[in-house]
Amino acid sequence: MGAPTADGCQRRGRRRPRGSPAPAAAGGPPSRSRLVSPLDVSKGTFAYIQGEMIGRGAYGCVYKALDSETGQIFVVKEVALDMGSKEDNGYRERLMDELEICQNVSHKNVVSYLGHEHDDSHVRIFLEYVAGGPMTSVLREFGPLRGTLMKMAARGTLEGLNYLHSRSPPIVHRDIKGANVLVDLSFCVRLADFGCSKRDEMTMSYTMLGSIPWMAPEVIQREGGHGRKADIWSLGCTLIEFASAERPWGNSKFDNNPVFAMWHIGASDATPPIPDSAADDERELISRCVQRSPDDRPWTEELLQMSFVA
Ligand SMILES: Nc1ncnc2c1ncn2[C@@H]1O[C@H](COP(=O)(O)OP(=O)(O)O)[C@@H](O)[C@H]1O
Ligand SMILES: [Mg+2]
């Protein structure tokens, strides 16, 4: 068993006695259908063995875990919080509200939420493990998606987004990109990393390219916040990423310069180029998504009728 490291990310084999359970995880609606069983976080004996780290984000780490009673392998997303900070306290409250919503989300193209717990310094979100990893890794390893695989990935991503957007109230993803589209071992895609407010997306954006190439013009201009139509733009950018195995706008376009990227996307008239390899109906779908005016972009229901994914 390893000792905790400074960032708390690399602990291994540590059993966690359960303390106060998160209210959202207690039982849940009995009729809920899930792809994997929810974890019994509320049970006093719930314990898991922490495995390898599989992702590292801006605010914490993602690692594999094994339920030491049932053997279920799942994922823990750990978000570190500074409870002395007013900003982090506000963030924690928003996160808790959103986790309440996430527990009712169940769709084949969306990662299942299995429960959560929190203590003074961390929120830990338990998720279904999607073994193929993020689409960015698939693209890096195997190159651009073509033909049937491109259709499958586009259809699945769109269906997952349609599901989130048609919830009541709608769930806006806010960070659609290849790194947040996970792939299972049958090439079924699942949207991940939704419903968790970023602490401050724009502060992050100024320091690294991060999600900027996928961001809609109105998000960068901070006009009217991040609505469902901004997700549609990011979907178009993500499909360009799938078809090119590069970031939208091209890997070298912004020269890793976030200020230039924000100016170009936010203030020019440009739209991200669609790869020459795209078939006509594929091009049509992508170009409808990356219209600069949000009103010109269709809703997900309309996109689902388009011939490329129908
Ligand atoms: N459910 C999961 N199954 C498999 N890998 C995951 C899962 N959730 C996250 N990951 C991995 O961790 C990375 C970061 O997770 P994510 O939820 O996107 O966090 P962040 O908010 O830090 O971007 C993902 O890109 C992916 O590689
Ligand atoms: Mg992410």
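The values are calculated or read from the model by the stated rules, or taken from the named source; none is laboratory data. From a predicted model like this one, the values you see are computed outputs, not experimental measurements. Cβ placement follows ideal geometry from the backbone for every residue including glycine, while neighbour counts extend to all protein chains displayed.
Sub-6 Å Cβ pairs linking a first residue in region 247-259 that is free of Cβ contacts under 8 Å to residues at least 40 places away in the same chain to a second residue that is in a loop (DSSP other than H, G, I, E, B), at least 6 apart or interchain, are P248/P272; W249/P272, ordered by first then second residue. So for region 82-101 (the condition being away from ligand 2 (no atom under 15 Å from the Cβ), in contact (Cβ under 8 Å) with a residue 24 or more places away in the chain and in a strand (DSSP E or B)), does at least one residue qualify? Taking every residue of region 82-101 in turn, none turns out to be away from ligand 2 (no atom under 15 Å from the Cβ), in contact (Cβ under 8 Å) with a residue 24 or more places away in the chain and in a strand (DSSP E or B). Any idea which residue in region 177-200 is surrounded by the most Cβ atoms within 10 Å (Cβ to Cβ), counting only those that are at pLDDT 95 or above and part of a loop (DSSP other than H, G, I, E, B)? Filtering first and then ranking leaves K177.
Within region 113-138, the residues that satisfy the criterion of being more than 14 Å from K64 (Cα to Cα), surrounded by fewer than 16 Cβ atoms within 10 Å (Cβ to Cβ) and either near ligand 1 (Cβ under 10 Å from one of its atoms) or polar (S, T, N, Q) (or both) are S121, S137. Annotation: of all residues in region 240-282 being more than 22 Å from the chain's Cα centre (by Cα) and among the charged types (D, E, K, R), the one that is surrounded by the fewest Cβ atoms within 10 Å (Cβ to Cβ) is D269. Remark: S205 matches the filter, which requires a residue to be surrounded by 18 or more Cβ atoms within 10 Å (Cβ to Cβ), within 16 Å of ligand 2 (Cβ to nearest atom), at pLDDT below 95 and in a helix (DSSP H, G or I).
Which residue is farthest from ligand 1 (Cβ to nearest atom), if the candidates are limited to region 74-112 and must be small (G, A, S) and more than 20 Å from P169 (Cα to Cα)? So the residue we want is G84. Residues in region 63-73 that are within 19 Å of the chain's Cα centre (by Cα) and either more than 9 Å from ligand 1 (Cβ to nearest atom) or surrounded by 19 or more Cβ atoms within 10 Å (Cβ to Cβ) (or both): Y63 only. Within region 179-196, being small (G, A, S), near ligand 2 (Cβ under 10 Å from one of its atoms) and over 11 Å from V110 (Cβ atoms) holds for one residue alone: A179. From the list L158, L145, L149, the one residue that fits, being more than 16 Å from ligand 2 (Cβ to nearest atom), assigned to a helix (DSSP H, G or I) and over 18 Å from the mean Cα position of the chain (by Cα), is L149.
Restrict the check to region 42-60 and report whether at least one residue is within 16 Å of ligand 2 (Cβ to nearest atom) and crowded, with 19+ Cβ neighbours inside 10 Å. Checked against the condition, which is being within 16 Å of ligand 2 (Cβ to nearest atom) and crowded, with 19+ Cβ neighbours inside 10 Å, region 42-60 yields at least one hit.
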